[in-house]
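Trainee: Right, I'll just put the structure down here and ask away after.
The values are calculated or read from the model by the stated rules, or taken from the named source; none is laboratory data. As the structure is a prediction and not an experimental result, all values here were calculated from the model. Methodologically, a virtual Cβ is constructed for each residue, glycine included, from the backbone with ideal geometry; neighbour enumeration extends over all protein chains shown. To get the accessible areas, we keep the full protein, side chains included, count just its heavy atoms, and leave off ligands, DNA and RNA. Shrake-Rupley method; radii C 1.70, N 1.55, O 1.52, S 1.80 Å.
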Amino acid sequence: MKELPTTYQANTTEDRIYKLWAKSGFFNPDKLPGRRTKPFCILMPPPNANDPLHIGHAVFVTLQDIMVRYQRMRGKKTLWLPGEDHAGFETQVVYEKKLEKQGRSRFGMTREQFYSEVSEYTQANRKTVRAQLQKLGASCDWSRDTFTLDKHVIATVYATFKKLVEEGLVYRGERLVNYCTKHQTAFSDLEIQHETRKDPLYYIAYGPIQLATVRPETKFGDTAIAVHPADKRYKQYIGKEIEVETLLGKKKIKVVGDTMVDPEFGTGAVKVTPAHDANDFELWNKHKGEIPDPIRVIGKDGRLTDVAGPYAGLKVMEARARVVEDLKAKGLLVKTDENYEHALALCYKCKSVIEPQLLEQWFLKTRPLAKPAIKAVKEGTTAIIPKSYEKTYFHWLKNIKDWNISRQNWWGIEIPAWKCQDCEEWTVSEGKTPASCSQCHGKRLEQDPDVFDTWFSSGQWPFAVLKFPQGKDYKEFYPTSVMETAYDILFFWVARMMMLSLYRTGKVPFKTIYLHGLVRDKDRQKMSKSKGNVIDPLGVLEAYGTDALRLALTIGNSPGQDTVISEDKIRGYRNFVNKLWNIARFVLLETEGCKPPKKLSLQDRKLMGEAAAVAEAVTRDMELYRFSQAVERIYHYAWHTFADKILEDSKKVLKDEKLKAGRQYALLHILKIILALLHPFAPFVTEELYQKLPRAKKQSLLMIEKWPV
RNA sequence: GGGCACUUAGCUCAGGGGUAGAGCGUUUCCUCGACACGGAAAAGGCCGCAGGUUCAAAUCCUGCAGUGCCCACCA
């Protein structure tokens with residue numbers, strides 16, 4: 001046989017092996033050999049098509065590929081469906097940053113021009129992402145590769161929207177929403193972050209009542225004062241109007257009693273500014289008719305509106321300083337608590353302060369959808385690994401509020417709703433522009449300029465991508481087997497897929513949810529580009545090979561727990577891959593041209609039995625999703641039992657002509673088991689070695705070999 | 001204000017009722033025909049603290065202390 005080099009050459013092997021797999025067609029479940037009746041399906045969480053992959057993606061690619069390769073070897077009909085995400089707002093932000101660097105802005109472009117540029121950009125990124133996934137060894141079915149803006153996906157999203165509207169689960173309403181004045185769009189509750197800040201709390205004289213506020217600049221929008229109904233200090237004023245001195249002169253204002261007010265806080269009296277505070281909005285809603293409608297003080301650009309008189313046009317913080325100064329001059333500022341700590345809502349992307357805004361948006365009533373989603377996990381129809389996340393899942397779904405699914409963005413799926421210019425009613429279609437208004441049959445219709453929250457469409461991924469309701473894949477692979485993703489999108493994505501999939505199909509989208517942790521560097525820091533501590537997956541692959549990276553990402557990684565990766569660790573497993581290479585090299589060298597033994601010695605049988613026991617233990621680990629343990633077990637057996645003990649011992653045994661053939665047989669047998677067990681984790685080196693093994697079928701691949709149970 | 005997780009070798013982490021494990025690092029020896037990306041050996045741990053259950057606890061339970069994360073409309 002040909003002399004093999006003493007070190008494994010990952011970079012000249014991997015592409016060749018991947019092509020071999022791809023050529024076989026076995027990534028596609030329909031082309032798998034043998035009778036395969038049991039389906040196994042994973043939908044890849046589509047990576048954002050706005051940037052190359054990072055090491056975090058390598059984690060899920062590895063874990064999912066492990067599951068899929070394992071099940072394929074176990075004889076299942078396996079579908080791993082890849083996709084890429086247009087990632088609406090995220091991509092828009094990325095692209096706007098690019099524009100900024102070029103000295104351009106989307107506000108100097110038409111919407112069509114911007115859309116087509118971003119479209120081109122994401123298509124280019126899709127190619128990069130696909131190439132990277134292949135480099136990582138992903139055995140997914142490229143013939144089913146789906147973009148989140150593909151026709152059938154959008155059609156599904158539109159059908160769902162229409163159904164929701166018809167069934168009264170989606171409604172149009174003017175509500176106080178989280179609004180970022182920098183990005184000029186509303187968000188859902190999940191897209192805002194809370195941060196504890198220290199801000200001055202101002203005590204202001206309001207006629208006979210004092211009140212405390214951190215936002216004196218919104219005073220111009222006060223429509224009432226609220227106190228606790230049982231508060232003796234203020235009882236006399238409840239239901240009455242009091243005259244107060246303000247910066248804009250004298251003003252009459254109503255005092256209402258409501259238990260929402262905490263008499264212990266501040267002075268026990270609150271100004272009610274329904275246009276700019278969620279609590280106040282709720283208060284106004286409860287006391288509608290009794291107190292005037294909300295007055296907008298802050299516009300969408302974050303500047304004060306005309307109702308602020310001389311302060312109009314000022315930005316919030318400028319206005320606050322001026323107002324405080326003037327209140328002081330007028331003797332209306334009683335005192336200031338400089339050390340007041342409170343939670344401030346920030347835009348998760350740019351950290352700008354969220355300005356609640358009164359906007360008309362599409363809202364999804366989530367409670368009716370949450371119920372079945374809770375039930376499915378409670379009853380075990382869908383299991384979450386690790387189990388501790390079930391509690392988190394329940395808590396979120398039990399406390400869920402209506403979901404604002406409108407976004408004031410350009411890049412995304414346009415909302416298929418048209419407003420009649422005559423009667424102001426909305427007509428919703430499944431995508432096509434309606435001929436006339438569904439209410440008054442007027443012809444003057446204008447489409448809502450907003451797009452859907454990306455998560456609204458992503459939430460429909462499982463059944464959209466499998467082509468519900470008539471698709472062959474839907475019938476064969478839904479509900480899917482495992483949803484494997486990071487725990488940080490449990491609410492954003494996983495819970496919403498549960499809700500929307502159950503709503504549309506009546507069935508859960510997946511039987512198991514496996515949540516992995518985030519990747520951190522060796523100092524436990526979260527990896528980020530701005531910190532400069534990211535490990536470039538492609539660079540690592542060049543240096544150490546894909547198998548080494550995959551092993552490093554798998555070993556020591558347990559569900560729900562963050563995982564640490566360092567170059568040292570990757571190098572360590574590169575060494576193991578090389579060890580394996582040399583183990584095989586030794587076995588191949590010592591068994592060249594060997595003949596089948598007449599009988600096996602007791603010792604050889606014992607060794608083979610031990611290997612079978614290892615295979616059994618590994619299988620148990622695999623079934624329980626304990627991948628780290630599984631691969632560590634093989635690692636240990638291959639290195640410290642097979643190499644250190646069995647191969648060393650064989651050096652003597654093989655010199656004995658009577659024992660030689662039996663031992664040769666045993667060594668090949670055990671090596672084959674090791675390669676097969678290790679294949680899901682380190683597919684390239686194992687396949688390459690398997691190809692060098694003497695075997696009956698010339699064309700066969702380790703990828704579809706039977707799992708050694 | 002709620003919830004969750006973590007605390008194990010110098011570092012980063014697996015494990016999980018019955019002689020403590022991995023990677024990297026450290027020390028000594030070894031160029032012996034699979035492999036120096038290697039081999040042989042070695043040092044290094046009251047498995048956070050305090051109770052409890054048990055024949056037996058690093059492992060289960062309770063409390064405490066630190067750390068991290070998530071949720072939350074405290075003007």
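To keep it simple, each residue is scored yes or no on (1) within 30 Å of residue A:111 (Cα to Cα); (2) at pLDDT 95 or above; (3) in contact with a Pro (Cβ under 9 Å, 6 or more places away or on another chain).
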{"position": "A:450", "(1), (2), (3)": "yes, yes, no"}
{"position": "A:457", "(1), (2), (3)": "yes, yes, no"}
{"position": "A:460", "(1), (2), (3)": "yes, yes, no"}
{"position": "A:510", "(1), (2), (3)": "no, yes, yes"}
{"position": "A:539", "(1), (2), (3)": "no, no, no"}
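Trainee: Examine region A:254-272 for a residue that is more than 23 Å from residue A:342 (Cβ to Cβ), charged (D, E, K, R) and modelled with pLDDT of 90 or more, and state whether such a residue exists.
Mentor: Yes, that holds for at least one residue.
Trainee: Further, regarding this structure: So how many residues does region A:384-396 have that are open to solvent by less than 40 Å² (accessible area, probe 1.4 Å) and not β-branched (Val, Ile, Thr)?
Mentor: 4
Trainee: Separate question: Would you say residue A:53 is assigned to a loop (DSSP other than H, G, I, E, B) and over 11 Å from residue A:78 (Cβ atoms)?
Mentor: yes
Condition check ((1) farther than 23 Å from residue A:706 by Cα; (2) within 10 Å of RNA strand B (Cβ to nearest atom)) across all residues:
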| position | (1), (2) |
| --- | --- |
| A:559 | yes, yes |
| A:565 | yes, yes |
| A:598 | yes, no |
| A:615 | no, no |
| A:623 | no, no |
| A:626 | no, yes |
| A:647 | yes, yes |
| A:665 | no, no |
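Trainee: Here are the criteria: (1) crowded, with 20+ Cβ neighbours inside 10 Å; (2) at pLDDT 95 or above. Tell me which single one residue A:50 does not satisfy.
Mentor: Among (1) crowded, with 20+ Cβ neighbours inside 10 Å; (2) at pLDDT 95 or above, residue A:50 violates only (2).
Trainee: Can you name every residue in region A:642-659 that is more than 46 Å from the chain's Cα centre (by Cα) and in contact (Cβ under 8 Å) with a residue 60 or more places away in the chain?
Mentor: If the condition is that a residue be more than 46 Å from the chain's Cα centre (by Cα) and in contact (Cβ under 8 Å) with a residue 60 or more places away in the chain, then A:647, A:650, A:654 are the ones that fit.
Trainee: Could you grab the pairs with beta carbons closer than 6 Å, sequence gap of 6+ or different chains, first residue in region A:338-365 and more than 20 Å from residue A:218 (Cα to Cα) and in a loop (DSSP other than H, G, I, E, B), second one open to solvent by 40 Å² or more (accessible area, probe 1.4 Å) and not hydroxyl-bearing (Ser, Thr, Tyr)?
Mentor: A:348/A:193; A:350/A:182; A:365/A:402
Trainee: Looking at (1) open to solvent by less than 10 Å² (accessible area, probe 1.4 Å); (2) polar (S, T, N, Q); (3) under 21 Å from residue A:401 (Cα atoms), which is the only condition residue A:273 fails?
Mentor: With (1) open to solvent by less than 10 Å² (accessible area, probe 1.4 Å); (2) polar (S, T, N, Q); (3) under 21 Å from residue A:401 (Cα atoms) applied to residue A:273, the lone miss is (3).
Trainee: If residue A:42 satisfies every condition in (1) more than 19 Å from residue A:144 (Cα to Cα); (2) buried (at least 24 other Cβ atoms within 10 Å of the Cβ) but one, which is the exception?
Mentor: Result: residue A:42 fails condition (1) only.
Trainee: Looking only at residues in region A:207-236 that are touching a Lys or Arg at 6+ places or on another chain (Cβ under 9 Å) and assigned to a helix (DSSP H, G or I), which one is surrounded by the fewest Cβ atoms within 10 Å (Cβ to Cβ)?
Mentor: Here the answer is A:216.
Trainee: Additional query: Under 9 Å by Cβ, and 6 or more places apart or on different chains, what pairs join a residue from region A:250-277 that is free of Cβ contacts under 8 Å to residues at least 12 places away in the same chain and farther than 24 Å from residue A:357 by Cα with one that is within 12 Å of RNA strand B (Cβ to nearest atom) and open to solvent by less than 40 Å² (accessible area, probe 1.4 Å)?
Mentor: Note: pairs meeting the criteria are A:251/A:222.
Trainee: Same structure, new question: Out of the residues in region A:572-592 that are loosely packed, with under 15 Cβ neighbours inside 10 Å and part of a helix (DSSP H, G or I), state the one that is farthest from RNA strand B (Cβ to nearest atom). Break it down stepwise before answering.
Mentor: Let us first name the residues in region A:572-592 that are loosely packed, with under 15 Cβ neighbours inside 10 Å, namely A:575, A:589, A:592.
Applying the additional criterion that residues be part of a helix (DSSP H, G or I) yields A:575, A:589.
Values: A:575: 3, A:589: 6 Å.
So the residue we want is A:589.
Trainee: Just the residues that are part of a strand (DSSP E or B) and within 12 Å of RNA strand B (Cβ to nearest atom), please, taken from region A:178-199. If you could, list the steps in order and put the result at the bottom.
Mentor: To start, the set of residues in region A:178-199 that are part of a strand (DSSP E or B) comprises A:178-180, A:185-187, A:192-199.
A:178, A:187, A:192, A:193, A:194, A:195, A:196, A:197, A:198, A:199, listed by residue number.
Trainee: Give the number of residues within region A:237-262 that are outside any loop (DSSP other than H, G, I, E, B), more than 14 Å from RNA strand B (Cβ to nearest atom) and of a type outside the set (A, V, I, L, M).
Mentor: Final tally of qualifying residues: 10.
Trainee: Take the residues in region A:127-158 that are farther than 30 Å from residue A:547 by Cβ and open to solvent by 20 Å² or more (accessible area, probe 1.4 Å); name whichever of them is nearest to the chain's Cα centre (by Cα).
Mentor: Restricting attention to region A:127-158, the residues satisfying the condition of being farther than 30 Å from residue A:547 by Cβ are A:148-158.
After this cut, where a residue has to be open to solvent by 20 Å² or more (accessible area, probe 1.4 Å) as well, the list is A:149-152, A:154-155, A:158.
On the way: A:149: 17, A:150: 20, A:151: 22, A:152: 22, A:154: 20, A:155: 22, A:158: 22 Å.
Within region A:127-158, the match that is nearest to the chain's Cα centre (by Cα) is A:149.
Trainee: Moving on. So residue A:541 fits all but one of (1) in contact (Cβ under 8 Å) with a residue 12 or more places away in the chain; (2) assigned to a helix (DSSP H, G or I); (3) open to solvent by 10 Å² or more (accessible area, probe 1.4 Å); what number is the exception?
Mentor: Answer for residue A:541: the failing condition is (3).
Trainee: Within region A:103-126, which residues are buried (at least 20 other Cβ atoms within 10 Å of the Cβ) and among the hydroxyl-bearing types (Ser, Thr, Tyr)?
Mentor: A:122
Trainee: Could you please find all residues in region A:441-467 being in contact with a strand residue (DSSP E or B) (Cβ under 6 Å, 6 or more places away or on another chain) and assigned to a loop (DSSP other than H, G, I, E, B)?
Mentor: A:442, A:448, A:450, A:453
Trainee: Residues in region A:477-497: is at least one more than 29 Å from residue A:361 (Cβ to Cβ), at pLDDT 95 or above and assigned to a helix (DSSP H, G or I)?
Mentor: yes
Trainee: Looking at region A:544-573 only, could you name the residues that are free of Cβ contacts under 8 Å to residues at least 40 places away in the same chain and closer than 15 Å to residue A:7 by Cβ?
Mentor: Matches in region A:544-573: A:571, A:573.
Trainee: Hey, can you tell me all the residues within region A:263-280 that are within 38 Å of the chain's Cα centre (by Cα) and near RNA strand B (Cβ under 7 Å from one of its atoms)? Give the steps one after another, and end with the answer.
Mentor: Just the residues of region A:263-280 that are within 38 Å of the chain's Cα centre (by Cα), to begin with: A:272-280.
Scanning region A:263-280 gives A:277, A:278, A:279.
Trainee: Keeping to region A:281-294, report how many residues are in contact with a helix residue (DSSP H, G or I) (Cβ under 9 Å, 6 or more places away or on another chain) and within 16 Å of RNA strand B (Cβ to nearest atom).
Mentor: Residues meeting the conditions: 2.
Trainee: Only one of these conditions is not met by residue A:271: (1) in a loop (DSSP other than H, G, I, E, B); (2) under 18 Å from residue A:234 (Cα atoms). Which number is it?
Mentor: Of the numbered conditions (1) in a loop (DSSP other than H, G, I, E, B); (2) under 18 Å from residue A:234 (Cα atoms), the odd one out for residue A:271 is (1).
Trainee: Also, quick follow-up: What number goes with the only condition from (1) more than 31 Å from the chain's Cα centre (by Cα); (2) touching a residue at least 24 places away in the same chain (Cβ under 8 Å) that residue A:632 does not pass?
Mentor: (1)
Trainee: With the requirement that a residue be touching a residue at least 24 places away in the same chain (Cβ under 8 Å), basic (Lys, Arg) and surrounded by fewer than 22 Cβ atoms within 10 Å (Cβ to Cβ), what does region A:661-705 give you?
Mentor: A:672, A:692
Trainee: Within region A:107-124, which residues are more than 18 Å from residue A:413 (Cβ to Cβ) and either outside any helix (DSSP H, G or I) or touching a residue at least 12 places away in the same chain (Cβ under 8 Å) (or both)?
Mentor: Scanning region A:107-124 gives A:109, A:110.
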